[in-house]
Amino acid sequence: MRKKVKKTGEIFGHYLSLMIISAFVLLPYYWMVVTAVKPTEEVMVSPATLLPSRISLDNFSRVWQSIPLGTYMKNSLVVSVAVTAVSVVFATLCGYSISRYIRRRAQKVSLVLMLCTQLIPGIVTMISLYFIMFNMGMTNTYRGLIIAYTVWAVPFCTLMIKGYFDAAIPREIEESARVDGCSQFGTFFRICLPISVPGIISTAIFAFILAWNEYMWASILLSGNKLKPVSVGVYDFIGQYGANTKLALTMTAGIFITLPAVIIFAFLQKYLISGLAAGAVKG
């Protein structure tokens, strides 16, 4: 009886902790949604109200009239999809090669070097990379932005997918395929890739979110409004009108910005969890 009561108390404490943490995490998004649907006269009321007196959707139409949000979101989507595709291809090939064909000492060195790239602040290489892009004529272009994002996304994506190959795909499966006459490329494309779908999807989600949220490189490499991503465009809007005077519009734009990430996590959550869990522990 005591064990049952103890177990029930542990389960209750576990779910209570999850509820508190979830409420803490979701509070900023809740406040953003509430502010966006509040009437204009209630946005700056002090003390602030947790619930609006009435729901107003005027801000959702006004934000499209105030800033070219559709253009900004299209630019972010184009760049993010391209960065995700390129990063996943390079990371998958590189992660599989490190996991299977590099000797132990060389493998450790390569992993340390990739980890070191993640320790370097982006501001350190900004000037040199900007002049490289400028001399190659890639400023104010999608290509320059995609290359800049990919440079920072590939190393971490490689580490993620390499851990998945180590933990989730036994070498015996590949050896069996080789015995049956499958080539190295055939083993990779026919055996390893289908099994590694959860790891690839979790890597793709990371690359997409990184490219979608990135601000620093876009603000340096782009100067024209036609190619600005949504992170830079909304920040320019705040700098032009101020965070307080257009607070409701800023919060409404924030809802549109976060929708892609919310949709991705909603539909691909199971792949993300399984991919990260499999790559976290070496089997």
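The values are calculated or read from the model by the stated rules, or taken from the named source; none is laboratory data. Computed from a prediction, not measured in an experiment: that's the story for all the values here. With ideal geometry, Cβ positions are generated from the backbone for all residues, glycine too; neighbour counts draw on all protein chains shown. Only protein heavy atoms, including side chains, enter the accessible area calculation; ligands, DNA and RNA are left aside. Shrake-Rupley method; radii C 1.70, N 1.55, O 1.52, S 1.80 Å.
Quick notes
- In region 248-262, the residues that are over 22 Å from P52 (Cα atoms) form Cβ pairs under 7 Å with partners that are aromatic (F, W, Y), at six or more places apart or across chains, as follows: P260/W212; A261/W212.
- Within this structure, E214 fails the test of being over 29 Å from F265 (Cβ atoms) and of a type in the set (D, E, K, R).
- Flag if S97 is farther than 30 Å from S196 by Cβ, of a type in the set (S, T, Y) and open to solvent by 30 Å² or more (accessible area, probe 1.4 Å): no
- Of everything listed in (1) more than 23 Å from Y235 (Cα to Cα); (2) assigned to a helix (DSSP H, G or I); (3) without any contact (Cβ under 8 Å) to a residue 60 or more places away in the chain, the single unmet condition for D166 is (3).
- Matching residues, region 53-85, being open to solvent by 50 Å² or more (accessible area, probe 1.4 Å) and either at pLDDT 90 or above or aromatic (F, W, Y) (or both): F60, W64, K74, L77, V78, V81, A85
One line per residue, one yes/no per condition, for (1) free of Cβ contacts under 8 Å to residues at least 60 places away in the same chain; (2) in contact with a Cys (Cβ under 8 Å, 6 or more places away or on another chain); (3) more than 22 Å from D236 (Cβ to Cβ):
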residue: L27; (1), (2), (3): yes, no, yes
residue: Y30; (1), (2), (3): yes, no, yes
residue: V33; (1), (2), (3): no, no, yes
residue: T49; (1), (2), (3): yes, no, yes
residue: S56; (1), (2), (3): yes, no, yes
residue: G70; (1), (2), (3): yes, no, no
residue: N75; (1), (2), (3): no, no, no
residue: V78; (1), (2), (3): no, no, no
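- Note on region 1-107: enclosed helices (runs of 4 or more DSSP H) holding 2 or more residues that are hydroxyl-bearing (S, T, Y) and closer than 28 Å to F206 by Cα are 2-37, 69-100.
- Test result for V88, under 14 Å from the mean Cα position of the chain (by Cα), β-branched (V, I, T) and open to solvent by less than 60 Å² (accessible area, probe 1.4 Å): yes
- Filtered by the rule that a residue be of a type in the set (G, A, S), touching a Pro at 6+ places or on another chain (Cβ under 9 Å) and closer than 25 Å to K162 by Cβ, region 199-241 gives a lone residue, A211.
- For region 101-151, filtered to residues that are among the hydroxyl-bearing types (S, T, Y) and without any contact (Cβ under 8 Å) to a residue 60 or more places away in the chain, the residue that is most open to solvent (accessible area, probe 1.4 Å) is Y101.
- The single condition among (1) under 25 Å from L27 (Cα atoms); (2) modelled with pLDDT of 80 or more; (3) not hydrophobic (A, V, I, L, M, F, W, C) that K228 does not satisfy is (1).
- So A204, is it open to solvent by 20 Å² or more (accessible area, probe 1.4 Å) and in a helix (DSSP H, G or I): yes
- One residue stands out in region 156-195 among those that are surrounded by 14 or more Cβ atoms within 10 Å (Cβ to Cβ) and acidic (D, E): the one that is nearest to V89 (Cα to Cα), namely D166.
- So T250, is it at pLDDT 80 or above, touching a Cys at 6+ places or on another chain (Cβ under 8 Å), surrounded by 15 or more Cβ atoms within 10 Å (Cβ to Cβ) and not hydrophobic (A, V, I, L, M, F, W, C): no
- Taken over region 215-239, residues that are open to solvent by 30 Å² or more (accessible area, probe 1.4 Å) and not β-branched (V, I, T) amount to 11.
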